[in-house]
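Shown next, in structure tokens, is the structure this report addresses.
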2 protein chains.
Amino acid sequence: MLFKEITILNENFEIEENMYVGVAEDRIEYVGKARPKKDFGEEYEGKGRLLMPGFYNGHAHSPMGLMRGYGENMVLQDWLEKRIFPFEDKLDSNAVYWGTLLCMAESMRFGIVSSSDMYYFIPDMVQAVLDSGVKTNISRSVVNPMGVPFEELPSIGETRQAIREFHGAGNGRVLVDTSIHAEYTTNEETCRKLADLTHEEGLIMHVHVSETQFEHEECKKRRDGRTPAQYLNDCGLFDGPALAAHCVWCEGEDFDILRDKGVSVASNPMSNLKLASGMCNTPKMMEMGINLAIGTDSVASNNSLNFFEEMKALAVTAKVKANDPTVITPKEALMAATRNGALAQGRTDCGVLKEGNKADLIVLRTDVPNMHPVHNMANNLVYAASGSDVVMTMVDGKVVYKDGDFLTLDMERTIFEAEAATAKILKML
Amino acid sequence: MLFKEITILNENFEIEENMYVGVAEDRIEYVGKARPKKDFGEEYEGKGRLLMPGFYNGHAHSPMGLMRGYGENMVLQDWLEKRIFPFEDKLDSNAVYWGTLLCMAESMRFGIVSSSDMYYFIPDMVQAVLDSGVKTNISRSVVNPMGVPFEELPSIGETRQAIREFHGAGNGRVLVDTSIHAEYTTNEETCRKLADLTHEEGLIMHVHVSETQFEHEECKKRRDGRTPAQYLNDCGLFDGPALAAHCVWCEGEDFDILRDKGVSVASNPMSNLKLASGMCNTPKMMEMGINLAIGTDSVASNNSLNFFEEMKALAVTAKVKANDPTVITPKEALMAATRNGALAQGRTDCGVLKEGNKADLIVLRTDVPNMHPVHNMANNLVYAASGSDVVMTMVDGKVVYKDGDFLTLDMERTIFEAEAATAKILKML
């Protein structure tokens, strides 16, 4: 496909107008001012449109798509114990498949091309992702509050199986990460041994860190004054590539650990506001050069995957947190949503619109009143764009969503099946 | 028009499915489960759609539409002195008309049917609103830092003229409010005399109150320890209907004044985050029974009029502010965005979908992945809906926006003229 005379967010995350972008197979092969000599096939008219890298969602739990709006206005413990845990207990392969597919549909509608997705029922999740055409860094979340020996944990067997069967599937669209759920849901042996396994296999460790003040403070009581980041670091979790979700309550040397160990952080600003968890100190992280990505968390706590909304939430919460409207430039917010997320997933040839990279691209309508005037298009992208103005989502060179149509799945059936699976579970409760 | 078999947000702000709603002239004439006997003309198919009251924007400065994204990442004083004031100084009738029309287009696209709009160049703003078909509570913002005698202020002459010429125009679509810009930009005589004029004319007073901590604390120094709310109350501003924008730093007896005097508050959560002004104590206001509406502020500081985004921002900032995820129910957020805003504008027959009320209605697509599953549609409306999924906006029974088409204005020309007016001003700077 050849995008012609289109405005782009270029490899330096600056706006360029009237550009040509040629896609061949799964790669961006040409970016330039002049029309390329090569015939790239279908031509896409760029007037009133903007082409940019797709979004890399740094933290998700897709099967929880079935719990959108289930149990709102509750305190965390009630919400978990009365709603989420009983519902999760009834999940089966069918429910997970359709819940994940629903979230993949929503993802592509809002321009997300890949998600760091932590949950269980991995084979069903992978199937939904492969069917949908998008990407995932999938991880089987390991919990072990009772101290079951490592090799007896079903989640470890499932993790090993996922690595064998799915790592690199779909021409690299599926990558398998490992996951310690969190400090408070595991014991030290589990953390240490899963860290070892992660490094042996050369994978990325995905873990919840200091989401709530309670979690953070209780950890210090349990772990000789160490914070979750400090304790998990002592367990070796950060001795290889790692992705720490939330980090709302990180303090003091936590930030140094994250920077020195090259840990990526996925901030989930909307979920953190909605659950009243707090606001992550993203300005400090950016200033320190920590790789900051953006996550949606699950739609049970967000309650959407509207990544334009999430990017704006990241930027404006940073400003109020720092008490300074000058922190986080539009360029930094756009990089967090794209390049930094791709790096957090180990996808070094993704997240930047440049020749040779994977063609994970989205097209946004700009011929709408909210995108004018254009003093600074990067600004409009971060603060004025509307998520459902994404009119095309392309993953590895393949168009998966265009002008309201889902090209890889039957939307009406997906909604029907997701509703049916939800109703079936509710009936059992 | 007859909406048939459609899901509605009913007069109790609860969801009802498979309803019939008949609109005749400018009113809702029928709401019921059964098909009405009367022929309402054109029929609207309700499958996959939701009908609800349109949004009433409690605080706007529409001509600033031309300054979207102009001067970002600056501290307030620099932003005002280096960007906003010089730009405003070059505004003319033509620029204000097209800037306002652009914002009215954006408003209808995101479901806003009426705005409390404080600025100057009132005749040009009114013309744009009348042409667009939406509603406004317009006010000529009065500033008087130098203490010019009241009757010599041009803004007072313009206010009187606006009352004479425009109050009730367009079959009541245009209402004229008065406006003291703020405590720090006026003197006591101006406040007292404009308050008197307001009460004589039976109008609503629209005023900025405690937007920033600096404004709030400096007022206390200047006004014998009184806060802006206390001082303005002493000047008589709240002795009749009044609308106080922001109220981020209100404290102590300020809240009692707002409640006891029946002052409506327009909270502008996104603008307050983005300018790092802080978070309004909306949970306390709601608990006290203060009429809480939602405002976008101008797109120079927001930078959009996406009211679904704004409603979600109100709800989630309330939760983190209160450190309690149970505050603000979806019903309360929906009421703030609709009924409370209408009440703040003195539009007592608007903002609620019930027989006899004005037909200010919007239709939202629900056949999209982000609106499923439906555990609770009110929840999905507040937290999962996307602003550009509004597929119809109707004001006083007249459809002004449908399926991406602007029926009362030429969108392409509006964008062109708004860009041209902006370019002309930038050239002069």
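A few points about this structure:
- Near pairs, Cβ below 6 angstrom, 6+ apart or cross-chain, from the stretch B:312-340 (under 15 Å from A:Glu72 (Cα atoms)) to any residue that is among the β-branched types (Val, Ile, Thr) and surrounded by fewer than 22 Cβ atoms within 10 Å (Cβ to Cβ): B:Ala318/B:Val327; B:Lys319/B:Val327
- Single residue of the stretch B:87-103 satisfying the filter (in contact with a Pro (Cβ under 7 Å, 6 or more places away or on another chain) and away from every other protein chain (no Cβ under 13 Å)) that is surrounded by the fewest Cβ atoms within 10 Å (Cβ to Cβ): B:Leu91
- Among the residues of the stretch B:376-429, none is identified as at the interface with chain A (Cβ under 8 Å from one of its Cβ atoms), touching a Leu at 6+ places or on another chain (Cβ under 6 Å) and more than 23 Å from A:Arg365 (Cα to Cα).
- Across the stretch B:351-372, the qualifying residues are those that are within 21 Å of B:Asn291 (Cα to Cα) and of a type outside the set (A, V, I, L, M, F, W, C), and the one among them that is nearest to the other protein chains (Cβ to nearest Cβ) is B:Asp360.
- The test for being within 26 Å of B:Leu76 (Cβ to Cβ), under 19 Å from the mean Cα position of the chain (by Cα) and not basic (Lys, Arg) holds for B:Thr178.
- Qualifying residue in the stretch A:237-257 (condition: crowded, with 24+ Cβ neighbours inside 10 Å, within 11 Å of chain B (Cβ to nearest Cβ) and either in contact with a strand residue (DSSP E or B) (Cβ under 6 Å, 6 or more places away or on another chain) or among the hydroxyl-bearing types (Ser, Thr, Tyr) (or both)): no
- Among the residues of this structure, A:Phe13 counts as one that is on the phi > 0 side of the Ramachandran plot and not in a strand (DSSP E or B).
- Count of the stretch A:258-270 residues, restricted to those that are touching a residue at least 60 places away in the same chain (Cβ under 8 Å) and within 13 Å of chain B (Cβ to nearest Cβ), is 1.
- Consider the stretch A:354-373 and keep the residues that are part of a loop (DSSP other than H, G, I, E, B) and over 30 Å from B:Leu66 (Cβ atoms). The one that is nearest to the chain's Cα centre (by Cα) is A:Asp360.
- Just one of the numbered conditions (1) more than 30 Å from B:Leu91 (Cα to Cα); (2) in contact with a strand residue (DSSP E or B) (Cβ under 6 Å, 6 or more places away or on another chain) is not true of B:Gly341: (1).
- Verdict on A:Thr348 being surrounded by 24 or more Cβ atoms within 10 Å (Cβ to Cβ) and away from chain B (no Cβ under 14 Å): no
- Among residues of the stretch A:160-214, those that are charged (D, E, K, R) and closer than 24 Å to A:Leu275 by Cβ, counted: 3
- Residues (touching a residue at least 40 places away in the same chain (Cβ under 8 Å) and at the interface with chain A (Cβ under 10 Å from one of its Cβ atoms)) located in the stretch B:73-86: B:Leu76
- Restricting attention to the stretch B:265-314, the residues that are hydroxyl-bearing (Ser, Thr, Tyr), assigned to a loop (DSSP other than H, G, I, E, B) and under 12 Å from the mean Cα position of the chain (by Cα) add up to 2.
- Test: residue in the stretch B:300-307 that is surrounded by fewer than 24 Cβ atoms within 10 Å (Cβ to Cβ) and touching a Leu at 6+ places or on another chain (Cβ under 8 Å): no
- Some residue of the stretch A:319-337 being in a helix (DSSP H, G or I), within 9 Å of chain B (Cβ to nearest Cβ), among the hydrophobic types (A, V, I, L, M, F, W, C) and out of contact with any Cys (no Cβ under 7 Å at 6 or more places or on another chain): yes
- For the residues A:Ser139, A:Ser114, the requirement of being polar (S, T, N, Q), away from chain B (no Cβ under 14 Å) and touching a Lys or Arg at 6+ places or on another chain (Cβ under 6 Å) singles out A:Ser114.
- Qualifying position, being surrounded by fewer than 23 Cβ atoms within 10 Å (Cβ to Cβ), assigned by TED's automatic domain parsing to the domain that holds B:Leu80 and touching a strand residue (DSSP E or B) at 6+ places or on another chain (Cβ under 8 Å), among B:Ala182, B:Ala169: B:Ala182
- Residue match in the stretch A:271-294 (condition: in contact with an Asp or Glu (Cβ under 8 Å, 6 or more places away or on another chain), more than 10 Å from chain B (Cβ to nearest Cβ) and over 21 Å from A:Thr227 (Cβ atoms)): yes
- A:Asp349 vs. criteria in contact with a strand residue (DSSP E or B) (Cβ under 9 Å, 6 or more places away or on another chain), in a loop (DSSP other than H, G, I, E, B) and on the phi > 0 side of the Ramachandran plot: no
- Residue in the stretch B:216-230 that is touching a residue at least 24 places away in the same chain (Cβ under 8 Å), of a type outside the set (S, T, N, Q) and part of a strand (DSSP E or B) present: no
The values are calculated or read from the model by the stated rules, or taken from the named source; none is laboratory data. What you are looking at is a predicted structure, and each value in this text was computed from that prediction instead of being measured. So basically every Cβ, Gly included, is an ideal-geometry build from the backbone, and we count neighbours across all protein chains shown.
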